[in-house]
Amino acid sequence: MSFESLPVLEQLMLAMAAMALFTSFVLLEQERLVAAIHAFAWQGALVSAVTTLVAASSGLRHLYFSALLTFALKALLIPWMLHRLSRRLELDRYAEPLRRPALVTMAAVALVIFSYWLALPIMHENLIFTRNIVAVSLAVVLIGLLMMVVRQQAVAQVLGFMSMENGLFLAAVSATGGMPLLIELGVAFDVLVAMVLFGIFFFHIRESIDSLDVDRLNRLTETEEDTR
Amino acid sequence: MTHTGLNAAALAVALALVSSFVSLFTVWSPRLLRVAAMPLFGLAGLAALAAGLVALAQADVATAELPLGLPWLPWRVRLDALSGFFLCVIGVVSAAVGLYGPGYVRGFESGRDSLPALGGFTGLFLASMLMVTLADDAFFFMVSWEMMSLSSYFLVAFHHDIAANRRAAFMYLLMAHIGGMAILLGFGVLASFGDGLAFDAMRGAEPPFGWASAAFALSFIGFGMKAGLVPLHAWLPEAHPAAPSHISALMSGVMLKVAVYGFIRFFFDLIGQFHWQWGVAVLAVGGVSALAGVLYALMQHDLKRLLAYSSVENIGVIFIALGLAILFLSAGHATLGTVAFAAALYHALNHALFKGLLFFGAGAILHSAHESNLDQMGGLLRRMPWTGYFSLVGCLSISALPPFNGFVSEWLLFQSALQVWRLDSGVLRTLIPISAAALALTGALAAACFVKVYGVAFLGQARSRHVRRARPVPYSMRAGQGMLAVLCLALGVFPATFLGLINAVPQQILGRGLNQTLAGGWLWLTPVRPDVASYSAPLVALTLIMLAGLAVWLLGRRSVFRTRRCDAWDCGFAPPTPRMQYTATAFAQPIRRVFGLLFHIEESVENQDDGKPRHRLDISDRTWGLLYLPVARVVEGAARRISYLQSGNVRVYLGWTLVTLLALLWIVS
Amino acid sequence: MNLTALTLALLQLSLYVALAPLLAGWVRKVKARLQNRRGASVLQPYRDIYKLLVKETLVAHTASPLFRAAPYVVFSATWLATSAVPLVSTGLPAAMIADVIVVAGLLALARFFLTLAGMDVGTAFGGMGASREMFISALAEPAMLMAVFTLAMTAHSTNMASVVEYQLAEGTILRPSFLFALSGLILVAIAETGRIPVDNPATHLELTMIHEAMILEYSGRHLALMEWAAQLKLMLYGALIANVFLPWGIAQGSGAGELASGLAAAVVKLGLLGAALAASETALAKMRLFRIPDFLNLALLLALLGLLSYVILEVGA
């Protein structure tokens, strides 16, 4: 079956999923922290849009609640909290240049191709067409992990972690029609609590080592190597 | 009738050997080199071209056995469409060298260099290349291959009073022999499965996948080393500039194609199986060579070194096309594989033509201005107009611009890469467009490189006194350049005609011709189908000329509004001096900054004793540090350890003899 | 080739060359209005070209014959390239002789001669413009080719008329690959036509000019041809984006009524694209030269994502 024969809702779903992949690239490469937070908000909005469309096309009513929850949490609340956090940590205008951006982009593209190759066996089974989105969501997860590897700033690491969660959510929605609502709520509140804890943590880290560069966390060892 | 081609080829070999022999007499009469040896060389080239055309036209196979070689292993000779095509390539460039040579070697007559060596080895070089193309068994092939390497070694070491040339020649010899050994081992693998060294026996062999892969790897390393693929290319930029310019043209234009011929013969004809893993390997190596070659070329300011690196790039493009052909053939799409194969062959021919033309231009500059450093040249278009315009054709062709020939082969290559949607593998469907994008990057960088070359060397103002006084070159050199320039234009404007001529090659090797591509007649190139892609080179060229002519007629002929000559704009300060122009290094600086990681760049500004700061910029090849030096260190270490065996003590030697005797007795018992 | 086809071809050729200055004037006018000025009339570029044509032509002492020939080559190559892009109708013979790769090749030919002309006089400005221009075009080529690839993989053709007809036959479809390819192509178009944020077409400051640096020595009719060629290039990219990605309204036959409505649709689409270009030029500032690789890498990334979305999402289960 080719693209043209799909109904409009499903075409829109694929378009939104592709744009979510684009936002994960933007998250990876964006130097300015505030812009990265905005990109993360867009990613959350796109994921909730895909959830709504899946709900509309498959008739699973509880997905509407999931979508609303995701939108409220991932696109509004958490970005607002991160924004507030970065203002209090005086990181408003912080921009961390990426070393070797070309290599990082090539690695991200390679991850996309790899996740496509991984998802191929799934795609050959004749289930809901949204299997195609599984490859994209796997790529979002891997790129989020790559972001955590490549970025040094602590808030950027949190963004990477959150975007991994976005990818997993997208995979769950597209492959199996969402998780049971109870689990949804549990996961959502876990994420919220994690956010609050991160905020508290960051203040402590900054007080201990006077910077939020995670590479410097090794200063916390007991040995006397502080000749930085 | 079938033997006309073989007779013409034999005549070509004979003429080349005669030219070599005649050169021996230049000891007594130096004029013989340009009066007799070079014209004979050119005639040999024409004979080879005729033999090739006959073979392509008749499209059948002619074989013969020579009474040379060992009694039980006579040398076999074969002239089929593939040999015929490469005979054409060799022949046309050699004929051009025959035209160009007399003017160029005149400069050597009054020097201290050995003329018999020059003429003798040139003739031998051509003869051995012709024999490689004609060989039909591994023995004859390897003997001719050796002769080719040795004669070109002597030519590279021609100016042996310069230490750098000696080093370059030694490195060339070393790598040629390593490559030759790999090829020999490859033949060995095939011969063991085919029971015999004759190519016919090897064709019938059906080695299993593992052994076939071993043979493929060995032949790829061996022929790739001779063709100049990265990372085995390091000898190319050292050896090609060291040789005299007409020899550099032969080496870059023809010898590299003979290596491509060897690979095609070994792989497409003798092995005959196609697997996608091999295709991916060839595609990847070709892509890396193309990109690395052009980036290194951009960083050079020595003209001949730049042209040598550019050859690395074009060989990479040829191997990209071959890799695509293998991928399509392994997936069963024979028509598309044929298009990619034809693109590879056409690019080989085109490269021979325009690289030869560019080396002729470099030789002309060397002959009249004695300069090979781009940063000392400038303004040569007005001093040497014929050379300038012919080199412009060469630069346009190598940058793959319509309506010249380089564009046609790149267009065919892109069209075959675009058909990747027919493949089943999704991963290949992403990787091939990415490599096509890398090819587009290579093409654009090549255009940048040759804008740099032409703009710095021929345009602007002269940057040194001897270049300001350059004089036009002799007629024979202009004729050689002109011949190649006309061919570049012809192959660009009438590609369908020329592709029709070489149609016999894929027909014989792959079993399928270019029928769809040529279905539109001489006017159109339509790979796959007319509504999928079509290019009419003659119409494009014609329309271009008509539109330009219209503009000139409407605007250019106004005699009332004559142009007035004045000074260039200088912002109101002093008139611009030649030193204010961009140099070659300056031109490439943005690209060097962006792609800097690929090179090993050392840049420093030092304050010298007299207070003047001195800027040093050193750009070298990373493969030296990554591959060659470690290998050299390992070899040296192993050699040092083995040298302990030679302690110089007589009793130790007797001891070794005793041990060996005991071992042999034990084995025999 | 019958008479109607030939007339269509000639019509398209003359339409392009006649309307290109109008598009440039329109962009300038919208830009002026956005900046709270009245701006020159939309017909001002015509007056500028006429003025240049009748002025005296000056050639430097150090210039070679290539300097005088280059404007003609640049103009005719750009004109021929432009004429292969469908403007009012898809039933063109010109589309048969040149597909999108040939168009890119002809533009590269024009650029080659333009840069050589820049280096010809032997001043620092020309060399600088030439070096920067080749640098930008080298980085823009892969992005452009990727976008073309995405189109060609979907429509299975590189012939622009075929691609437009395929698009029209499909109906309105929301392909993510096309969206990405369109964005990538828009960024490439900005780089290749030398608009803000890559190059400022109205500057003559040494540090900021790229295209202007190469044509700095030209005057009179030579300069008129070079400027006209630049306007044609802008129209080429505009027509490419308008008709290939947003093909509604283009005629498919050669009847007079169809052609008139096709022309009206083309004018409307080009007008909207020009206004969008003017708005972006007003809102953005010119980037420094070494930020341009980031810009073009973004274009390449978008085109690559278009290709990946095509392979992953659109080829069906």
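The values are calculated or read from the model by the stated rules, or taken from the named source; none is laboratory data. From a predicted model like this one, the values you see are computed outputs, not experimental measurements. Cβ placement follows ideal geometry from the backbone for every residue including glycine, while neighbour counts extend to all protein chains displayed. SASA here: full protein model, heavy atoms, side chains in, ligands and nucleic acids out. Shrake-Rupley method; radii C 1.70, N 1.55, O 1.52, S 1.80 Å.
Once you have the alpha carbon radius of gyration of segment C:3-314, what is it after dividing by 2.2 N^0.38 Å, with N set to its residue count?
0.98
Applying a 10 Å radius around every beta-carbon, put A:86-95, C:98-107, B:143-152 in order of their mean neighbour count, most first.
Descending packing order for the listed peptides: C:98-107, B:143-152, A:86-95.
Once amide H atoms are placed 1.01 Å from N in the peptide plane, what residues at a sequence separation of 5 or more from B:ASP137, or on another chain, have their amide H within under 5 Å of its amide H?
B:ARG76, B:PHE199
Would you mind checking segment B:482-503 for residues with the amide N under 20 Å from a putative spin-label position 7 Å along Cα→C-beta of B:LEU542?
Output list for this probe position: B:489-500.
With a sphere of radius 14 Å drawn around the Cβ of C:ILE101, what net charge do the other residues whose Cβ falls strictly inside it have (Lys, Arg +1; Asp, Glu -1)?
Every neighbour counted, the sum reads -3.
For peptide C:42-48, what's the mean number of Cβ atoms from other chains within 10 Å of each residue's Cβ?
Rounded to a whole number, the mean comes out at 0.
What is the mean number of Cβ atoms from other protein chains located within 10 Å of the Cβ atom of each residue in peptide C:215-221, rounded to a whole number?
3
So if I average 1/r over every pair of distinct C-alpha atoms in segment B:349-409 and take the inverse, what Kirkwood radius in Å does that give?
The Cα-based Kirkwood calculation yields 12.0 Å.
Accessible area of B:PHE266, 1.4 Å probe, to the nearest 10 Å²?
Using a 1.4 Å probe on the heavy atoms, I get roughly 0 Å².
In whole Hz, with x marking every Gly and Pro, tabulate ³J(HN,Hα) for segment B:593-598 from phi via Karplus 6.51 cos²θ - 1.76 cosθ + 1.60, θ = phi - 60°.
After applying 6.51 cos²θ - 1.76 cosθ + 1.60, I find 5, 6, 9, x, 5, 6 Hz.
Tell me, which residues of segment C:143-168 get at least 30 Å² less accessible area when the other protein chains come in, versus the chain alone (1.4 Å probe)?
Those residues are C:LEU145, C:MET146, C:PHE149, C:MET153, C:HIS156, C:THR158.
Give the calculated FRET efficiency between A:ARG93 and B:TRP569 to the nearest 0.05, with a Förster radius of 51 Å applied to their Cβ-Cβ distance.
The computed FRET efficiency comes out at 0.75.
Give me a comma-separated list of calculated 3J(HN,Hα) values for segment A:210-217, in order, Karplus coefficients 6.51, -1.76, 1.60 applied at θ = phi - 60°, integers in Hz, x for any Gly or Pro.
Karplus values, whole Hz, x for Gly and Pro: 6, 6, 10, 8, 5, 5, 8, 5.
If you take the accessible area of A alone plus C alone and subtract the pair, what total do you get in square angstrom, rounded to 100, with a 1.4 Å probe?
Interface area, both chains combined: 2000 Å², rounded to the nearest 100.
Calculate, in nm to one decimal, what B:ALA164 and B:GLU146 gain on full extension: separation in residues at 0.36 nm each, minus their alpha carbon distance.
4.1 nm
Tell me, what HN-Hα J-couplings in whole Hz come from the Karplus equation 6.51 cos²θ - 1.76 cosθ + 1.60 at θ = phi - 60° for each residue of segment C:216-233, using x for Gly and Pro?
Karplus-based 3J(HN,Hα) across segment C:216-233 equals 4, 7, 7, 8, x, 5, 4, 5, 4, 5, 5, 5, 4, 4, 5, 5, 4, 5 Hz.
How many percent of the alpha carbon pairs in segment B:375-498 exceed a separation of 21 Å?
Every Cα pair in segment B:375-498 considered, those over 21 Å come to 54 percent.
Computed over the Cα atoms of segment A:64-174, what is the convex hull's projected area averaged over all directions, in nm²?
Mean projected area for segment A:64-174: 7.9 nm², to one decimal.
Between segment B:19-70 and segment A:31-83, what is the C-alpha centre distance in whole Å?
77 Å
Please grab the % of Cα pairs in chain B that end up more than 38 Å from each other.
The share of Cα pairs beyond 38 Å in chain B comes to 36 percent.
P(r) of the protein assembly as shown in 20 Å steps, Cα pairs, percent per bin?
P(r) for the protein assembly as shown, in whole percents per bin: 11, 37, 36, 15, 2, 0.
Would you kindly find the accessible area of B:LYS257, with a 1.4 Å probe and non-protein molecules such as ligands, DNA and RNA excluded, rounding to the nearest 10 Å²?
0 Å²
Pairwise over distinct Cα atoms, reciprocal of the mean inverse distance: report the Kirkwood radius of segment A:1-98 in Å, one decimal place.
14.7 Å
Using a 1.4 Å probe over the heavy atoms of the protein chains, calculate the carbon and sulfur portion of the accessible area of the protein assembly as shown as a whole percent.
66 percent
If the convex hull of the alpha-carbon atoms of segment B:622-668 is projected onto planes in all directions, what is the mean projected area in square nanometres?
Orientation-averaged projected area of the Cα hull: 4.7 nm².
Computed FRET efficiency, Cβ-Cβ of B:PHE193 and A:MET179, R0 56 Å: what is it to the nearest 0.05?
FRET efficiency, B:PHE193 to A:MET179: 0.45.
Roll a 1.4 Å probe over the protein chains and send me the accessible area per residue for the protein assembly as shown in Å².
Value for the protein assembly as shown: 39 Å² per residue.
Per residue of the protein assembly as shown, what 222 nm ellipticity follows from adding -39500 (n - 2.57) for every DSSP H run with n ≥ 4, rounded to the nearest 500?
-22500 deg cm²/dmol
At a probe radius of 1.4 Å, figure out the C/B buried accessible area, summed over both chains, and give it in Å² to the nearest 100.
In total, this chain pair buries about 6900 Å².
Suppose accessible area is computed on protein heavy atoms with a 1.4 Å probe; arrange B:TRP386, C:TRP26 from highest to lowest.
Per-residue accessible area, sorted high to low, gives B:TRP386, C:TRP26.
What is the set of long-range amide H partners of C:ALA60 at a cut-off below 5 Å, with H atoms built 1.01 Å from backbone N?
Distant-sequence amide H within range of C:ALA60: B:CYS566.
In a shell of Cβ-Cβ distance under 14 Å around B:PRO30, excluding B:PRO30 itself, what net charge do Lys and Arg (+1) and Asp and Glu (-1) give?
Result for the neighbourhood of B:PRO30: +2.
Would you mind counting up the charge near B:TYR309? Only other residues with Cβ under 15 Å from its Cβ, with Lys and Arg at +1 and Asp and Glu at -1.
+2
Using only protein heavy atoms and a 1.4 Å probe, report how much of B:ASP195 is accessible, in Å² to the nearest 10.
Looks like 130 Å² after rounding.
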